[in-house]
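The values are calculated or read from the model by the stated rules, or taken from the named source; none is laboratory data. Quick caveat, the model's predicted, so the values are computed rather than measured. Every residue, glycine among them, receives a Cβ derived from its backbone with ideal geometry; neighbour counts consider all protein chains shown.
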């Protein structure tokens, strides 16, 4: 066993702990930001100008202060788990369904980021309903990720 494999094996409980904490933080933001977009789109369309700056600030702080660091930490600790010897059996389907779902979640994160930039520039053209529907995407991906890891289908 190489020194890196030994280190990853020794740190496995801590790596897994930090991965789960990161995922929880990322998911909290990924569920909340589309909801902010719903309210932002609806309040601005109602002509409430003071709401605009408040929503822009909340969205920016949530994305940059919580979601981006949490996504990076999730990926970092997740990759450490992937490279820990004996943790993943790549001949099974579950690591592949989880990986695809995590890539989908990352795409959704970037989609949300692009929408924040539109809101910041006053260029949002999507109604609140769009964000309500898109808010279901992370729920479906989360179900796939959790089922993949726990059921290991």
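Residues in the stretch 63-82: is at least one in contact with a helix residue (DSSP H, G or I) (Cβ under 6 Å, 6 or more places away or on another chain), over 19 Å from residue 102 (Cβ atoms) and either at pLDDT 95 or above or in a helix (DSSP H, G or I) (or both)? For the stretch 63-82, residues in contact with a helix residue (DSSP H, G or I) (Cβ under 6 Å, 6 or more places away or on another chain), over 19 Å from residue 102 (Cβ atoms) and either at pLDDT 95 or above or in a helix (DSSP H, G or I) (or both): absent.
Is it true that some residue in the stretch 84-102 is modelled with pLDDT of 95 or more, surrounded by 15 or more Cβ atoms within 10 Å (Cβ to Cβ) and more than 30 Å from residue 1 (Cα to Cα)? The answer is yes, given that some residue of the stretch 84-102 is modelled with pLDDT of 95 or more, surrounded by 15 or more Cβ atoms within 10 Å (Cβ to Cβ) and more than 30 Å from residue 1 (Cα to Cα).
Table: residues versus (1) over 23 Å from residue 129 (Cβ atoms); (2) more than 18 Å from the chain's Cα centre (by Cα).
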site	(1), (2)
14	yes, yes
21	yes, no
24	yes, no
37	no, no
48	no, yes
61	yes, no
73	yes, no
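Counting the residues of the stretch 103-128 that are in a helix (DSSP H, G or I), within 13 Å of residue 34 (Cα to Cα) and touching a residue at least 24 places away in the same chain (Cβ under 8 Å) gives 8.
Listed here are the residues, each with its yes/no results for (1) at pLDDT below 95; (2) within 15 Å of the chain's Cα centre (by Cα); (3) loosely packed, with under 11 Cβ neighbours inside 10 Å.
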{"residue": "113", "(1), (2), (3)": "no, yes, no"}
{"residue": "117", "(1), (2), (3)": "no, no, no"}
{"residue": "132", "(1), (2), (3)": "no, no, no"}
{"residue": "138", "(1), (2), (3)": "no, yes, no"}
{"residue": "142", "(1), (2), (3)": "no, yes, no"}
{"residue": "148", "(1), (2), (3)": "no, no, no"}
{"residue": "151", "(1), (2), (3)": "no, no, yes"}
